[in-house]
Amino acid sequence: MDLHTLKQFLVVARLEHLSRAADELRVAQPSLSRSIGRLEGELGTPLFDRAGRLRLNDAGRLFRDHVERALGELDAGRRAVAETTGEGFGTVRLASETFLTFTGPLAAYKRAHPHVEVELHQMPASEMARRLRAQDVDLCVASQPIPAEDVESIQLFEEPVGVGTSLDHPLAGRGSVTVDELADESFVSAGKGHWQRRLLERLFAGRNLTPKIVCEVDELSAIAELISAGLGVGLVPGIARRTTGSFPAAWIAVDHPDCRRTVTLSWWSGGHLSTAARLMRTTIADWEWNGDRARRRTVGSEPGSRSESHREQPPGPRISSATSGEHGSVMS
């Protein structure tokens with residue numbers, strides 16, 4: 001059971017497709033199939049169901065989680081040694097549902113620490129807890145909860161979410177709108193699992209309604225343009241009201257107390273954060289989100305308590321407002 005085979009297994013487990021995994025790994029498919037077969041023989045059980053499409057089975061999922069943690073520990077050890085011996089400036093790996101609103105703090109971080117390698121990983125919130133435990137990533141930013149006991153989080157900001165419409169839409173001049181009034185509207189939405197989609201479905205389900213989604217978009221920066229073009233309406237975070245010229249449409253408040261989003265920064269409490277990752281955590285946590293100082297309280301802790309992230313390192317460079325990458329950022 002060598003490391004090379006284990007890494008190959010993780011790729012096959014992620015893609016659940018031998019030929020695509022072979023292409024990504026740049027190996028011949030028959031060779032990859034034999035490697036997975038030998039691994040299953042050594043374990044004494046199949047890791048995949050092969051009836052029709054290749055699917056990771058229960059044993060495979062269990063083994064995958066252990067392999068991810070084991071390889072994550074090895075990689076963390078390598079990076080820790082490099083940091084200790086001064087042979088590397090460190091690497092920080094940040095995951096988010098989207099990076100459109102994070103160009104400001106990311107740019108500030110790179111200016112302050114130009115020798116640190118920054119890796120960005122886009123993924124749904126549903127994957128974040130597992131990827132943190134596996135130490136595939138150091139930090140995660142999400143607009144929906146990451147339910148896991150061993151994941152610590154701090155709140156970055158909370159804001160209302162409204163409805164975006166084209167400027168000539170009948171609702172465009174309204175100050176607010178109810179969920180019932182949106183029942184017959186056509187929606188431009190992010191894909192399933194994204195916080196906007198989940199919020200939309202939750203709001204409608206509370207009124208025994210189902211949203212009419214006419215356009216499902218993976219490229220989040222395109223949602224604003226599609227709304228502006230009149231293809232539909234869509235949920236839009238409140239940051240749209242503060243980014244002049246970046247949202248070419250109308251923003252209308254939704255008359256519902258739960259039409260909000262809370263953005264958090266999370267990390268695995270059982271792992272080692274490199275100096276580079278701790279500095280990134282501080283830079284993001286101390287950023288002036290919404291023009292106000294970021295909240296310092298750890299999510300779920302008592303008011304007034306200080307999170308670990310604000311004890312270890314001094315604040316990073318401060319910039320009064322994000323000045324780059326704001327076009328389309330309202331849809332993050």
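For region 65-162, which fully contained strands (runs of 3 or more DSSP E) count at least 1 residues that are of a type outside the set (Val, Ile, Thr) and touching a His at 6+ places or on another chain (Cβ under 8 Å)?
91-96
Among the residues of region 170-209, just one is without any contact (Cβ under 8 Å) to a residue 12 or more places away in the chain and in contact with a Leu (Cβ under 8 Å, 6 or more places away or on another chain), namely Glu181. Residues of region 26-43 that are farther than 17 Å from Arg61 by Cβ and either exposed (fewer than 14 other Cβ atoms within 10 Å of the Cβ) or polar (S, T, N, Q) (or both): Arg26, Ala28, Gln29, Pro30, Ser31, Ser33, Arg34, Ser35, Gly37, Arg38, Gly41, Glu42.
It is to be established whether one or more residues within region 52-75 are closer than 30 Å to His115 by Cβ, surrounded by 18 or more Cβ atoms within 10 Å (Cβ to Cβ), among the small types (Gly, Ala, Ser) and at pLDDT below 85. Yes, region 52-75 contains at least one residue that is closer than 30 Å to His115 by Cβ, surrounded by 18 or more Cβ atoms within 10 Å (Cβ to Cβ), among the small types (Gly, Ala, Ser) and at pLDDT below 85.
Return the only residue of Gly230, Gly245 being at pLDDT below 90, small (Gly, Ala, Ser) and on the phi > 0 side of the Ramachandran plot. Matching residue, one of Gly230, Gly245: Gly245. Taking region 254-268 as the range and being among the hydrophobic types (A, V, I, L, M, F, W, C) and farther than 17 Å from Val141 by Cβ as the test, the residues that pass are Val254, Cys259.
With respect to Gly164, determine if the residue is crowded, with 20+ Cβ neighbours inside 10 Å and in contact (Cβ under 8 Å) with a residue 60 or more places away in the chain.
yes
Would you check if Glu149 is at pLDDT below 85, charged (D, E, K, R) and over 24 Å from Val11 (Cβ atoms)? Yes: the conditions hold for Glu149.
Residues in region 213-227 that are in a strand (DSSP E or B), modelled with pLDDT of 90 or more and surrounded by 16 or more Cβ atoms within 10 Å (Cβ to Cβ): Ile213 alone. Looking at region 117-124, can you tell me whether even one residue there is in contact (Cβ under 8 Å) with a residue 24 or more places away in the chain and buried (at least 19 other Cβ atoms within 10 Å of the Cβ)? No; the residues of region 117-124 include none that is in contact (Cβ under 8 Å) with a residue 24 or more places away in the chain and buried (at least 19 other Cβ atoms within 10 Å of the Cβ). Close Cβ contacts (under 8 Å, 6 or more residues apart or on different chains) running from residues in region 1-22 that are under 15 Å from Arg61 (Cβ atoms) and among the polar types (S, T, N, Q) to residues that are modelled with pLDDT of 90 or more and part of a loop (DSSP other than H, G, I, E, B) are absent. Looking across region 156-201, the residues that are on the phi < 0 side of the Ramachandran plot and of a type in the set (Gly, Ala, Ser) come down to Gly162, Gly164, Ser166, Ala172, Gly173, Gly175, Ser176, Ala183, Ser186, Ser189, Ala190, Gly191.
For region 186-200, does any single residue satisfy the condition of being more than 17 Å from Pro124 (Cβ to Cβ) and either assigned by TED's automatic domain parsing to the domain that holds Met128 or not in a strand (DSSP E or B) (or both)?
No, every residue in region 186-200 fails to be more than 17 Å from Pro124 (Cβ to Cβ) and either assigned by TED's automatic domain parsing to the domain that holds Met128 or not in a strand (DSSP E or B) (or both).
The values are calculated or read from the model by the stated rules, or taken from the named source; none is laboratory data. Please read all numbers here as calculations on a predicted model, not as lab measurements. Methodologically, a virtual Cβ is constructed for each residue, glycine included, from the backbone with ideal geometry; neighbour enumeration extends over all protein chains shown.
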